[in-house]
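Undergrad: Dumping the structure here so I can ask a few things about it.
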Amino acid sequence: MADYIDIEKQEQEESSGIDFRKLWSIVVLNWYWLVFSTLFCAALAYVYLRYQNPVYRASAKILVKDDNGKSRGRSQELTLDQLGLISNSNGFENEMEIIKSTAVATRAVKALKIYVVYVTQGRVRKVELYKTSPILVDLEESRLDLLKRPVEIEITKKGENGIHVEITLDAKMNEKEVISRDLNEFPCYVSTRVGKIMFSRNPGFEMSDRPLNVTIVPPVLMGRAYARNLQANPTSKMTSVAELSLLDTQVERALDYLAQLVDSYNEDANEDKNEVANKTEDFIKGRIDVIQSELNATESDIEAYKRGNSLVNLPTDASQALLQTNEFQKQQVEIQTQMSLVKSLIDYVQNPGNYMSLIPANIGISNQATNEMVKLYNDLVLQRNRLLRGATESNPRVIQVTEELETRWDAVGKQLNSIYNDLQIQKNSADQQYNRFADRVSSTPTQERNMNNMGRQQEIKAGLYLLLLQKREENYISLASTANKARVIDMPQADPRPVSPKRSLILMAALLFGLFAPLAWFYVRDLLRFRIEGRNDLEKMTKLSILADIPLTDELAKGEHAIVVKENTNDMMEESFRGLRTNMRFVLPAGEKVILTTSSMPGEGKTFVATNFAMSLALLGKHVLIMGLDIRKPRLVQLFGLPQTKKGITNFLASDTEDFKLLEDQIIRKVENDNLDVLPAGIIPPNPGELITRDLLDKGIEYLKNLYDYIIIDTPPVGLVSDTFELGRLANVTFFIVRSEKTTKADVESINRLNTEGKLPKINLVLNGVDLTKRKYGFYYGYGKYSSYSKYGTYYGRYGHYGTYGNYGDKSQRLEK
């Protein structure tokens, strides 16, 4: 028994994988379904490919320059990028994020006006138009940024030159506002609450009878869609060349968008570059106005002083003291100029309104460290502003730049104050030297000293005025010489082959799905089937011997007996019982005569098999007795078509004496054959369970063994009552009947447990009810057309029904509870 359990476990492990024999059988038996499914899926794939809009890929290559107008990797010196120590610079990655930003995409969308979508109805599917729409629609530019929801417009032809438009706007509470107009002259406008919508004709294209559907999408939404669809990646780690790619159903639109995207990116970058120059221009212009006003005032004071004192040409005292005085006056002029410039920047930095703004640069300050610090600060301001176009202030990179700006802002202020203090010290020193030499010319007339003072102020203002004019011209040159940030290397071009749908892939997938989907369906269905189908199912679930496969009979003629084994016949049913008779000799040794037949549930054909098997043995010349020990629901008399009598085994068992003469009197002789006797159950007793446990039954069987070659005992199903287990002591071998399409797999597991526990002697299986007319059984058994031999009635389906007879129904309910 232990060996049997080990073998069973091994069989279960081996059967845990895919059963390729089962798959092959499914293919053979259902090949027409596989062919139909494959052709059907291929047809669906063809229809899908025929009417699905193809998607094409357009690409372009651009060179992104650095802030100095140079491309990365062109210099002769090897940098960390070129040595491969750094994969890419943060600046290049930032530029890639900017070019993929919604702001730049929206700018390109507005320039091309592709926020207006034109769709017309084709023969089967809708067709999108680009540059070929007969009517062009647009919304006034001032209201584009205020548009929040798409505007739907349906245009139909009316008359020869007119059109009818229906404008649908989203209203509150999920309602729609519809505006209808007839338009005959173009261009024309229709006023709506979202703005004026303009309609104009597209030269070269005529309006057809099919309606034209137009959708005005908010540019921000369309820009966001294009930004998501755009791919921008560096071609390698060593260069600043990026490849831009876009997927679109319209090839021309994709090419136009990529070209316009580069232009919009350059415009955005140039605006950022010119922002410093514009700020500087405003600062210089304001200072020029102030200095000009002060210079005019100084010249007016000199003129008034000369007129008031009637001065025309003052004598000059050429002395060494006066020369020294003039030298220090020059120093004072230079120092005062620098102090004025530094003071102006200090006032600008201390103004809270200028916080995080650009600081004017290149205004004439001679301190190079200060100029470099201001340039670095302005570069950070520009970088932060550009990052804010594609990100929020909570972005880690924006926070990092902001913190660095705060540090540099304080540093610039401290640097300017320090320089101003140094200049103040220098001025004080120059003033002291000047005063020292001025004392030497104390004899100079008061008028001359006053004139010198006013002349010095005039020189200071004039020098500062000329310096500012020079810086303004330099700033104009900087504005005029701004270079583009990106340069197109490869012009936008499209792959002529669509990237989606992939024709070969979809056709292959359709063929594979059409082939394997029904195969998987049949395979899974068989795996989930809970009833036994054929011999293969039994062989997989049990190691018990299967003695025979009994085919399913044809329809039974009414009134005919259920004995299908006849003398001098050679059909399929006869052959199956001959096979059972032959295999019985291998499991029933010589000297053993008692065969017990049972099943799991009613309707599995145990009585049918028992009676016909008994008939087959009788035709062999064996003296056979079939006993009906299914006392609760006897069927032998009805099955053989015998007259209803009171004879039966219960009469013998009810007696208290070993009257074997009484036992022989209960036997009906020569039923259907001279060698076949029947011992029916007899009258149904009130205590069938007690009768079959009496020793009198054992003694009766021993007595009958001397009279017959074989004794076949028909017993109740084991799934309903326990009588069969009691009767197992009388038999030498058990024929357990399982029926195709009737017995469940759980019942087979129960049979295995019964065999393991030894509750019935030598259990052997008989598969009953095999429908050979089905293709799968013809494949399994190879009977083919010979299944037509079976021309007898389907008896056992009715005669084996226990559901409404006797006490089995109530008994089964008690057993289940």
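The values are calculated or read from the model by the stated rules, or taken from the named source; none is laboratory data. The shown structure was predicted, so the numbers you read here are calculated from the model rather than taken from an experiment. We place every Cβ from the backbone using ideal geometry, glycine too, and count neighbours over all the protein chains shown. Please note that ligands, DNA and RNA were not included when accessible areas were found on the heavy atoms of the full protein model with its side chains. Shrake-Rupley method; radii C 1.70, N 1.55, O 1.52, S 1.80 Å.
Undergrad: Subtracting the Cα-Cα distance from 0.36 nm times the residue separation, let me have the gained length for Arg436 to Ala520 in nm, one decimal.
TA: 19.2 nm
Undergrad: Can you pull the one-decimal nm distance between simple spin-label points at Lys670 and Arg181, each 7 Å off the Cα toward Cβ?
TA: 11.3
Undergrad: Go through Lys427/Lys471; Lys461/Lys485; Lys113/Lys176; Lys100/Lys237; Lys22/Lys622; Lys540/Lys670 and tell me which ones have a Cα-Cα distance over 30 Å in this structure.
TA: Checking Cα-Cα distances, Lys461/Lys485; Lys22/Lys622; Lys540/Lys670 exceed 30 Å.
Undergrad: Once phi is turned into ³J(HN,Hα) by the Karplus curve 6.51 cos²θ - 1.76 cosθ + 1.60 with θ = phi - 60°, what whole-Hz value does each residue of segment 641-648 show in order, with x for glycine and proline?
TA: My calculation for segment 641-648 gives x, 7, x, 6, 10, 9, 5, x Hz in order.
Undergrad: Excluding same-chain residues fewer than 8 positions from Lys330, which aspartates and glutamates have a Cα within less than 13 Å of its Cα?
TA: In chain and number order, the partners are Asp431, Glu459.
Undergrad: Residues with beta-carbon under 14 Å from that of Leu629, excluding Leu629: net charge, scoring Lys, Arg +1 and Asp, Glu -1?
TA: Its environment carries a net charge of 0.
Undergrad: Oh, and also: How big is segment 496-593 by the Kirkwood estimate over distinct Cα pairs, in Å? Walk me through the numbers before you get to the answer.
TA: On the way: mean 1/r = 0.0522 Å⁻¹.
By the Kirkwood definition, the hydrodynamic radius is 19.2 Å.
Undergrad: How big is segment 557-715 by Rg and Dmax over its Cα atoms, in Å?
TA: 15.3, 47
Undergrad: Compute the Rg to Rh ratio over segment 102-225 from the alpha carbon atoms, using the Kirkwood formula for Rh, and round to two decimal places.
TA: Rg/Rh for segment 102-225 comes to 0.95.
Undergrad: With each pseudo-label sitting 7 Å past Cα toward Cβ, what's the Gln121-Ala42 distance in nm, one decimal?
TA: Rounded to a tenth, the inter-label distance reads 3.4 nm.
Undergrad: If I stretch the segment between Asp379 and Cys188 completely, what's the gain in nm (0.36 nm per residue apart, minus their alpha carbon distance), one decimal? Could the numbers behind the result be given before it?
TA: On the way: separation 191, 0.36 × 191 = 68.76 nm, distance 4.80 nm.
This chain segment gains 64.0 nm when fully extended.
Undergrad: Spin-label point model (7 Å from Cα, Cβ direction): what's the Lys148 to Leu323 distance in nm?
TA: Calculated label separation equals 8.2 nm.
Undergrad: So how do 577-585, 288-296 stack up, highest first, on mean other-Cβ count within 10 Å?
TA: The peptides rank, most packed first, as 577-585, 288-296.
Undergrad: In Å and whole numbers, how far do the C-alpha atoms of segment 645-715 stretch along each principal axis, longest first?
TA: Ordered largest first, segment 645-715 gives principal extents of 33, 25, 22 Å.
Undergrad: So, R0 is 45 Å and r is the distance between the beta-carbons of Ser236 and Val35; what FRET efficiency does that work out to, to 0.05?
TA: My answer for the efficiency is 0.30.
Undergrad: If you add up the charges near Gln332, with Lys and Arg at +1 and Asp and Glu at -1, over every other residue whose beta carbon is less than 11 angstrom from its beta carbon, what do you get?
TA: Net charge in that neighbourhood comes out at -1.
Undergrad: Right, another one. Can you give the FRET efficiency to the nearest 0.05 for Glu160 and Leu247, using r as the Cβ-Cβ distance and R₀ = 56 Å? Don't skip to the end; give the middle numbers.
TA: On the way: r = 41 Å, r/R0 = 0.72.
E(calc), rounded to 0.05, equals 0.85.
Undergrad: Another question about this same structure. Taking H placed 1.01 Å from N in the peptide plane, check which residues at least 5 places from Arg739 or on another chain put their amide H under 5 Å from its amide H.
TA: Residues meeting the amide H criterion: Asn768.
Undergrad: Now a separate question. Starting from the eigenvalues of the Cα gyration tensor, five times each then square-rooted, give me the equivalent ellipsoid semi-axes of segment 459-544, largest first, whole Å.
TA: For segment 459-544, the semi-axes come out at 88, 20, 8 Å.
Undergrad: Based on the mean of other Cβ atoms within 10 Å per residue, sort peptides 730-741, 670-681 so the most packed one is first.
TA: 730-741, 670-681
Undergrad: Counting residues in segment 196-253 as N, plug N into 2.2 N^0.38 Å and put the Cα Rg over that result. Before the final figure, lay out each step's value.
TA: Working: Rg = 18.1 Å, N = 58, 2.2 N^0.38 = 10.3 Å.
Cα-based Rg divided by the globular estimate yields 1.76.
Undergrad: From the protein chains alone at 1.4 Å, what is the descending order of accessible area for Tyr703, Tyr48, largest first?
TA: Largest accessible area first, the list is Tyr48, Tyr703.
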